[in-house]
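A.B. asks: Take this structure, written in structure tokens, and hold onto it; I'll ask about it next.
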Amino acid sequence: MPGLSVASFAWDLFVKRGLSRLHHLQLEGLQRYGPMWKASFGPILTVHVADPALIEQVLRQEGQHPMRSDLSSWKDYRKLRGHHYRLLTSEGEEWQSVRSLLNKHMLRPKAVEAYDETLNGVVSDLIAKLRLSRSSEGLVTHISSEFYRFGLEGISSVLFESRIGCLGEVIPEEMERFIQSINTIIHRFILSSRSLLPT
């Protein structure tokens, strides 16, 4: 299978600031290697799939009890404090039992209808923010950041039944700190793995 060498992948991630431009790395990989390629970082091997038909095939082969990526640092943290793994860190049958509880409330069309007005409001705010942010050429710089904020706003509007202000013209300082904290957690998670950096 074609793909990046360990050195090339590390160069892309750390020297070319790949962690903040993962979507660009996906597009570059698609152009260079085709719809599927591999990348290794230390003992971690990832297979990148950039074709809708192949993605569908992968998801259909997962079965009822999927085994997903190893979140060892988060699992260790939860185990140390005596917490259950829950949806993000559980695997197999445990994941399925937690997921089936959410499916009843989140994936049935009738259940989703309850959120349509709320989510339409979030989408409208995103569109308004993108229109304000675009340059005279119609381009929006740092659009991934806007989509990230859109995701946080949408999730919070459903889970907490409240808007948290991620898409406002002016974002409150406390909210900006919250957003940056979530971003830091995600970046540190990508870098932290016992197999790469001992914890």
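The values are calculated or read from the model by the stated rules, or taken from the named source; none is laboratory data. Not measured: the values here are computed from a predicted model. Cβ coordinates were reconstructed from backbone atoms using ideal geometry, including for glycine residues, and neighbour counts include every protein chain displayed.
A.B. asks: Name the residues in segment 141-152 that are among the hydroxyl-bearing types (S, T, Y), free of Cβ contacts under 8 Å to residues at least 40 places away in the same chain and part of a helix (DSSP H, G or I), would you? Outline the logic, then answer.
C.D. replies: Keep residues of segment 141-152 that are among the hydroxyl-bearing types (S, T, Y), which gives 141, 144-145, 148.
Checking which are free of Cβ contacts under 8 Å to residues at least 40 places away in the same chain leaves us with 141, 145, 148.
Scanning segment 141-152 gives S145, Y148.
A.B. asks: Can you give me the number of residues within segment 157-176 that are in a helix (DSSP H, G or I) and under 22 Å from the mean Cα position of the chain (by Cα)? Quick ask: steps written out before the conclusion?
C.D. replies: Quick first cut of segment 157-176, residues in a helix (DSSP H, G or I) only: 157-159, 173-176.
Next, only the ones that are under 22 Å from the mean Cα position of the chain (by Cα) stay: 157-159, 175-176.
Total satisfying the criteria: 5.
A.B. asks: Would you pick out the residues in segment 1-25 that are in contact with a strand residue (DSSP E or B) (Cβ under 6 Å, 6 or more places away or on another chain) and either assigned to a strand (DSSP E or B) or acidic (D, E) (or both)? Even if it seems obvious, please write down each step before you answer.
C.D. replies: From segment 1-25, those in contact with a strand residue (DSSP E or B) (Cβ under 6 Å, 6 or more places away or on another chain) are 1-4, 6, 9; that's our starting set.
Correct list: G3 only.
A.B. asks: Examine segment 76-85 for a residue that is farther than 24 Å from F150 by Cα and in contact (Cβ under 8 Å) with a residue 40 or more places away in the chain, and state whether such a residue exists. Steps first, please.
C.D. replies: As a first pass, look at segment 76-85 and keep what is farther than 24 Å from F150 by Cα: 76-85.
Checking which are in contact (Cβ under 8 Å) with a residue 40 or more places away in the chain leaves us with 76.
Yes, the conditions are met somewhere in segment 76-85.
A.B. asks: Could you tell me whether any residue of segment 127-140 is part of a helix (DSSP H, G or I), of a type in the set (D, E) and modelled with pLDDT of 90 or more? Quick ask: steps written out before the conclusion?
C.D. replies: Of segment 127-140, the ones part of a helix (DSSP H, G or I) are 127-133.
When the remaining residues are screened for being of a type in the set (D, E), the result is none.
Scanning segment 127-140 turns up no residue that is part of a helix (DSSP H, G or I), of a type in the set (D, E) and modelled with pLDDT of 90 or more.
A.B. asks: Kindly check whether there is at least one residue in segment 59-67 that is within 18 Å of the chain's Cα centre (by Cα), at pLDDT below 75 and hydrophobic (A, V, I, L, M, F, W, C). Walk me through how you get there before you give the answer.
C.D. replies: Here is the first cut: in segment 59-67, the ones within 18 Å of the chain's Cα centre (by Cα) are 59, 66-67.
From what is left, the residues that are at pLDDT below 75 are 66-67.
Add one more test, that the residue is hydrophobic (A, V, I, L, M, F, W, C), and what stays is 67.
Yes: segment 59-67 contains one or more residues that are within 18 Å of the chain's Cα centre (by Cα), at pLDDT below 75 and hydrophobic (A, V, I, L, M, F, W, C).
A.B. asks: Which pairs turn up if I take residues in segment 102-115 that are assigned by TED's automatic domain parsing to the domain that holds F160 and look for partners that are surrounded by fewer than 10 Cβ atoms within 10 Å (Cβ to Cβ) and acidic (D, E) with beta carbon separation below 9 Å, at least 6 apart in sequence or on another chain?
C.D. replies: Listed pairs, sorted by first residue: none to list.
A.B. asks: Ok, one more. So which of E56, E28 is outside any strand (DSSP E or B), over 22 Å from E94 (Cβ atoms) and modelled with pLDDT of 90 or more?
C.D. replies: Details: E28 fails: modelled with pLDDT of 90 or more.
Exactly one of E56, E28 is outside any strand (DSSP E or B), over 22 Å from E94 (Cβ atoms) and modelled with pLDDT of 90 or more, namely E56.
A.B. asks: Please specify each residue of segment 81-126 satisfying the condition of being assigned to a helix (DSSP H, G or I), at positive phi and loosely packed, with under 13 Cβ neighbours inside 10 Å. Quick ask: steps written out before the conclusion?
C.D. replies: Kept after step one, since they are assigned to a helix (DSSP H, G or I), are these residues of segment 81-126: 86-89, 92-106, 109-113, 116-126.
Remaining after also requiring at positive phi: 86, 92.
Correct list: R86 only.
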